[in-house]
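**Q** Shown below is the structure under consideration.
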Amino acid sequence: MTVQEVRLCGLLLQEHFGEVVEKVGTHLLRNGAQHLRAIVHESGISLDLVKKSLCVLVQHGACVFSSSRKGPGSPTQYLISCDRILRILRYPRYIYTAKTLYGDTGELIIEELLQRGHMTMSSVVKTVADRLTQNMEEGRSMDYSEVSSAFSKLVETHFLQRCPPMATAQTTDTTTPATPADPVSTTLPTPESFPDCYKVPHVTLIGRGKRPLSSEDGEDQRNAKKAKLDSETHGDEGVYWQVNFERFHLHFRDQAIISAVANKLDQTSSEIVRTMLRMSEVMTSPTATCTKPLSANEIFRSLPTSYNIARPILDQYLSLLVDDPMEFVGKAGESGGGMYVVNLHRALANLARATLESVVQERFGSRSARIFRLLLRKRHLEQKQVEDFAMIPAKEAKDMLYTLLSQNLAQLQEIPKTPDFAPSRTFYLYTVNQLPTARLLLQNCYKTVANLIERRLFETKDSKRLLEKSQRIEAILASLQASGAEPEQLTEVEEMITAPEKQQLEALRLHINKLDSAENQVDETIFILESYINSTAASTS
C-alpha cells in the first residue's frame with residue numbers, strides 16, 4: 001500500500017463518513033490489523049467513537065474482523081480493505097450503469113445499497129418505492145412488485161449478491177464493538193464461498209409506495225407507522241444484500257473492449273465482439289485470459305436481427321478481427337465454421353498501452369510519443385538506432401530520451417562486452433517495461449484524484465456561507481410554492497440573493513462540475529490500468 005493510496009482513502013473516508021471514521025480508517029491502513037484497545041490507545045480517539053467508526057466501516061464492507069493469530073481467546077483483530085475504500089470513487093459510475101441498464105428503479109436500488117452498505121430486500125423495495133412515489137404525479141404511486149422485479153433482475157445478472165453469513169466466533173471478547181444486528185462477513189464475499197449467493201428469497205410484500213407526511217400533526221402518526229413497520233415480517237429476515245462490484249467491473253471491461261473495437265474498425269465489428277462477450281459471460285471465469293471458444297455458427301445465430309449480417313459477411317468480419325494487429329479476437333479451431341475467442345488479457349494490455357502512449361504524448365509531445373511507441377515495439381534500442389528509426393535529429397532525440405528516463409517512463413540497460421564495464425566497450429540500450437510503467441502511472445492517477453478532491457473541498461469550504469444562504473432560499477421557495485404563494489412573494493424571496501452573489505454561485509458550480517468531471521475521467525484511466533495489472537498478475541500465477 002503506497003502513500004498516495006492511503007492519502008486518497010483518507011480523503012474518501014472523510015468526505016463520505018466524517019473525520020472520526022477517517023482517522024480510524026487511516027490508522028488501520030498505516031498499521032495493518034489491530035485489536036480494539038490498540039486502536040484506541042494509538043489513535044487517541046475515545047472507545048465509544050472507535051466502536052461506532054468500526055461499525056460504519058464493517059457495515060460498508062470496508063473492514064473485516066477475525067480472531068487473532070494467537071488462537072481462541074485472543075482479542076478480535078480488525079483489518080481494513082484499501083481496495084474497497086477506493087471503490088467509493090466509482091460510485092457515480094455504478095449508479096449510472098444501473099440507470100442505463102434497468103432505468104430509474106435500478107438506479108435507486110444501487111444507490112440505496114451503496115449509501116447503506118447492505119440491506120434486506122424488503123427494506124430496499126419499500127425505500128425505493130417510496131422515493132419513486134414522491135416524484136410521481138398526485139394520485140399515482142409505485143407498486144412494490146415492480147421494484148421487486150427490478151431487484152430480482154439485478155440479482156439474476158449478478159449485479160447484487162447476498163452477504164455471506166457471519167462466522168460464529170468460538171469465544172466472545174469483551175472489547176468487541178457493538179456491531180449492528182446485520183450479518184457481516186469475516187472475509188471478502190465471493191460467490192464461490194457461498195452457494196446461495198444469488199438466490200432470491202420469497203418475500204411477502206404487497207402494497208404501494210407512500211408519500212412522506214409533511215404536516216406537523218402527522219408526527220405521531222408517522223412514529224406509529226414506523227413502529228408497526230418495524231414489527232412486520234416479510235420472510236427475508238437475516239438475508240442481506242450488497243452490490244457486487246466485480247460484476248460491474250466485468251461490465252466496464254467489456255464496454256471498454258467494445259468501444260476500442262468500434263474506434264479501431266467499425267460499429268458492426270464491435271457488435272460482433274459484443275455478441276461474443278454476451279454469449280460467454282456466464283461460462284468465462286472473471287480471471288480468465290480469454291473467453292470460452294464460440295463457433296461461427298453460434299455467433300451468427302446470436303447476432304441481433306436488426307443488423308441483417310449475412311453469413312459470408314460475418315466470416316469476413318471474423319477474419320478481419322483475427323488478422324488485426326490489436327488481436328482482440330483469436331481463432332481457436334476450425335470446427336463449427338471456426339472457433340473464436342476474445343483475448344481479454346491482450347485487449348486490456350493494448351488498452352493500457354494506448355493509455356500510456358496518450359499520457360506521454362500529452363505531457364511531452366508527439367515526438368516523445370513516437371520514441372516511446374518505438375521502444376515499446378522494438379523492446380531494446382541504442383540511442384543511434386532510436387534517432388534513425390524515429391527520424392529525429394540526434395540532439396532532440398537525446399533530450400527526449402533523457403526526459404523519459406528522468407520520469408521513469410523509459411529504462412537504460414547496460415550490456416558490457418568485457419567484465420570491466422568500460423564505457424567504450426559497453427552497449428547502452430533503452431527500453432520500456434509496460435507493467436512497471438503502468439504501475440507508476442496508476443500512482444500518479446491516485447495522486448491526481450486526491451488533489452482534485454482536496455481542491456473541490458477547498459472551493460466548497462471557501463464559499464460555505466454563500467452556499468448555505470442559497471440552500472436556505474431554495475428551501476423557502478420550495479415551501480412557498482408547495483403552499484401556493486403569490487408570484488410577488490416568490491420574486492421577493494429570489495431577490496434576497498444579489499446579482500454578484502448569483503454570478504459567484506454560477507462560477508463556483510461550473511468549477512465544481514469541472515472538478516467532478518475530471519475525477520470521473522481519471523477514474524476511467526485508473527480502471528484500465530488496474531484491470532491490466534490484475535489481469536497480468538492472474539495470467540502469470
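The values are calculated or read from the model by the stated rules, or taken from the named source; none is laboratory data. Because the structure is a prediction, the values reported are computed rather than measured. Here the Cβ positions follow ideal geometry from the backbone for every residue, glycine too, while neighbour counts run over all protein chains shown. The accessibility values were calculated without ligands, DNA or RNA, using every heavy atom of the protein model including side chains. Shrake-Rupley method; radii C 1.70, N 1.55, O 1.52, S 1.80 Å.
**Q** Tabulate in residue order the Karplus-calculated ³J(HN,Hα) for the stretch 433-443, using 6.51 cos²θ - 1.76 cosθ + 1.60 with θ = phi - 60°, rounded to whole Hz; enter x for Gly and Pro.
**A** Values, residue by residue: 9, 5, 5, x, 5, 5, 5, 4, 5, 4, 5 Hz.
**Q** Another one. Between rounded, prolate and oblate, where does the stretch 380-441 land on the alpha carbon gyration tensor, with a ≥ b ≥ c its root eigenvalues, rounded for a/c under 1.5, else prolate if a/b exceeds b/c?
**A** Judged from the Cα gyration tensor, the stretch 380-441 comes out oblate (a/c at least 1.5, b/c at or above a/b).
**Q** Under the rule a/c < 1.5 gives rounded, and otherwise a/b versus b/c splits prolate from oblate, where does the stretch 232-371 land using the Cα gyration tensor? Spell out each step's value before the answer.
**A** Values: a/c = 2.25, a/b = 1.16, b/c = 1.93.
Because a/c hits 1.5 or more and a/b fails to exceed b/c, the stretch 232-371 counts as oblate.
**Q** Continuing with this model, one more query. Of LEU13, ASN244, ILE80, which is farthest on the positive side of the dipole of the chain, counting Cα position, with +1 on Lys and Arg Cβ, -1 on Asp and Glu Cβ, and the Cα centre as origin?
**A** ILE80
**Q** How would ARG456, ARG140 line up by accessible area, probe 1.4 Å, largest first?
**A** Putting ARG456, ARG140 in descending order of accessible area: ARG140, ARG456.
**Q** Treat every Asp and Glu Cβ in the chain as -1 and every Lys and Arg Cβ as +1, leave all other atoms uncharged, and give the resulting dipole magnitude about the Cα centre to the nearest 20 debye.
**A** 1880 debye
**Q** How large is ³J(HN,Hα), in whole Hz, for each residue of the stretch 44-49 in order, when computed from phi with the Karplus curve 6.51 cos²θ - 1.76 cosθ + 1.60 and θ = phi - 60°, using x for Gly and Pro?
**A** Ordered by residue, 3J(HN,Hα) equals x, 9, 5, 4, 4, 5 Hz.
**Q** Additional query: Hey, how many Å between the Cα centroid of the stretch 1-78 and the Cα centroid of the stretch 304-336?
**A** The distance from the Cα centre of the stretch 1-78 to that of the stretch 304-336 comes to 51 Å.
**Q** Mind ordering 1-14, 38-51 by average Cβ neighbours within 10 Å, highest first?
**A** 1-14, 38-51
**Q** Using +1 at the C-beta of Lys and Arg and -1 at the C-beta of Asp and Glu, which of THR460, ALA33, ALA310 has the Cα lying farthest in the positive direction of the dipole of the chain?
**A** Positive-most Cα among the choices belongs to ALA33.
**Q** Let me ask you something else. Of all the Cα-Cα pairs you can form in the chain, what percent are over 38 Å apart?
**A** Values: 66748 of 146070 pairs.
Percentage above 38 Å: 46.
**Q** A follow-up question, please. Rounded if a/c is under 1.5, else prolate if a/b beats b/c, else oblate: with a ≥ b ≥ c from the C-alpha gyration tensor eigenvalues square-rooted, which is the stretch 6-50?
**A** Since a/c reaches 1.5 but b/c is at least a/b, the shape of the stretch 6-50 is classed as oblate.
**Q** Name the residue farthest towards the positive end of the dipole of the stretch 389-541 from the options PRO423, THR448, GLN481, assuming +1 on Cβ of Lys and Arg, -1 on Cβ of Asp and Glu, about the Cα centre.
**A** With unit charges placed on the Cβ atoms, the residue in question is PRO423.
**Q** Which whole-percent values make up P(r) of the stretch 419-469 when all C-alpha to C-alpha distances are grouped in 10 Å steps starting at zero?
**A** 19, 20, 18, 16, 12, 8, 5, 1
**Q** Past the 21 Å Cα-Cα mark, which pairs from LYS469/LYS514; LYS292/LYS331; LYS99/LYS292; LYS51/LYS199; LYS447/LYS514?
**A** Over 21 Å apart, Cα to Cα: LYS469/LYS514; LYS99/LYS292; LYS51/LYS199.
**Q** Here is a further query. As an exercise, identify the GluC sites (Glu not before Pro) in the stretch 333-379 lying in DSSP coil whose Cβ has no more than 15 other Cβ atoms within 10 Å. Walk me through the numbers before you get to the answer.
**A** Working: sites: GLU334, GLU357, GLU362; in loops: GLU334.
Sites meeting the loop and neighbour criteria: GLU334.
**Q** Compute the FRET efficiency between LEU480 and GLU334 as 1/(1 + (r/R0)^6), taking r as their Cβ-Cβ distance and R0 = 51 Å, and round to the nearest 0.05.
**A** Calculated transfer efficiency: 0.10.
**Q** Related question: Extension gain ASP143-ALA33, at 0.36 nm per residue separation less the Cα-Cα distance, in nm?
**A** 35.0 nm
**Q** Now a separate question. What dipole magnitude, in Debye to the nearest 20, does the stretch 462-515 give about its Cα centre under +1 on Lys/Arg Cβ and -1 on Asp/Glu Cβ?
**A** The dipole of the stretch 462-515 has a size of about 400 debye.
**Q** May I pose another question? Measuring from a point 7 Å past the Cα of ARG301 along Cα-to-C-beta, which residues in the stretch 317-344 have an amide N at less than 19 Å?
**A** Once the point is set 7 Å along Cα→Cβ of ARG301, 333-341 turn out to lie under 19 Å by backbone N, inside the stretch 317-344.
**Q** In debye to the nearest 20, how big a dipole does the stretch 404-541 give about its Cα centre with +1 on each Lys and Arg Cβ and -1 on each Asp and Glu Cβ?
**A** The dipole magnitude comes to about 900 debye.
**Q** Once every DSSP H run of n ≥ 4 in the chain is given -39500 (n - 2.57) and the sum is divided by its residues, what mean residue ellipticity at 222 nm do you get, rounded to the nearest 500 deg cm²/dmol?
**A** About -20000 deg cm²/dmol.
**Q** To the nearest 10 square angstrom, how much accessible area does VAL239 have with a 1.4 angstrom probe?
**A** Taking all protein chains as shown, VAL239 has close to 30 Å².
**Q** Now for a separate question. When the solvent-accessible surface of protein heavy atoms is calculated with a 1.4 angstrom probe, in what order do TYR402, TYR198 fall, highest first?
**A** Sorted by accessible area, descending: TYR402, TYR198.
**Q** Mind grabbing the accessible area of LYS264 for me, 1.4 Å probe, Å², rounded to tens?
**A** Accessible area, nearest 10 Å²: 100 Å².
**Q** Follow-up. Testing the spin-label approximation: label points 7 Å from Cα along Cα→Cβ at LYS264 and GLU488. State their distance in nm.
**A** Going from the LYS264 label point to the GLU488 one covers 7.0 nm.
**Q** Keeping all protein chains in place and using 1.4 angstrom, which order do SER67, SER470, SER539 fall into by accessible surface area, from largest down?
**A** The ordering from most to least exposed comes out as SER67, SER539, SER470.
**Q** Treat each spin label as a single point 7 Å out from the Cα along the C-beta direction, and report the GLU519 to GLU382 distance in nm.
**A** Calculated label separation equals 5.2 nm.
**Q** Moving to a separate point now. For ASP388, what accessible surface area do you get with a 1.4 Å probe? Give it in Å², rounded to 10.
**A** Counting only protein heavy atoms, the figure is 90 Å².
**Q** Using a 7 Å offset from the Cα along the Cα-to-Cβ direction at both ALA507 and ARG116, what is the distance between the two label points in nm, to one decimal?
**A** Here the modelled spin labels are 4.2 nm apart.
**Q** Here's another thing I want to ask about it. Where the centre of each part is set by its Cα atoms, how far does the stretch 520-535 sit from the stretch 122-167, in angstrom?
**A** 30 Å
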